[in-house]
Amino acid sequence: MLSLPQPGTNTPPPEPSSRIPSIDLPENSSVLETILRLIYPMVQPHIENIRLLSDVFHAAEKYDMQGVISTLRLHLQQTRFLEENPVLIFALACRFQFVAEAKAASRASLMSSIKLHHSKNAEEILEQAGFKLRDYMALHALRDRRITQMQEYLDGEGFEGVSP
């Protein structure tokens, strides 16, 4: 039978009634529970906030759980996350190189303000995702260009809704 390596080779074998060997994991119980629910064939867990989504993504990457990452990818296009904070979804999508999800988050940013509230949560998620200030500024610039182009189109002569 397989056994976990025990600290120190000179220690006597543990007695049957002693503590069961364990491995300490740095992730909190919510993250671990979500990962286990994703890999166990049962009802998929409800991921209630973007912080948990981000933490589970990074834990799955750390433990090289590609199946979990694929399942979590579906959450990036959920309306509630895109409406809640499209910038954080954009950062996660960029971090994991999910092009379609990054584009969806970019489009969602047009529908809402993309100002980052200086919350510790948002800053940690962006930092964890490797999202740089220049990426954030590029997203702002892209959004501004799109809005300007749309305004020019609507104000132009090619749009039938404009009265002479």
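Sorting Ser109, Ser29 by accessible area (1.4 Å probe), largest first, what list results?
Largest accessible area first, the residues go Ser29, Ser109.
Express in Å², to the nearest 10, the accessible area of Tyr40 obtained by rolling a 1.4 Å probe over the protein heavy atoms while all chains stay in place.
140 Å²
Could you order the peptides 71-80, 85-94, 55-64 from most to least packed, using the average number of other C-beta atoms within 10 Å per residue?
Those peptides, ordered most packed to least, come out 85-94, 55-64, 71-80.
With a Förster radius of 45 Å, plug the Cβ-Cβ distance of Glu124 and Leu154 into 1/(1 + (r/R0)^6) and report the FRET value to the nearest 0.05.
In this case the efficiency is close to 0.70.
The values are calculated or read from the model by the stated rules, or taken from the named source; none is laboratory data. All of these numbers come straight from a predicted model, not from anything done at the bench. Because the Cβ atoms are built from the backbone with ideal geometry, glycine has one as well, and the counts that use them run over all protein chains shown. Note: areas computed on protein heavy atoms with side chains; ligands, DNA, RNA excluded. Shrake-Rupley method; radii C 1.70, N 1.55, O 1.52, S 1.80 Å.
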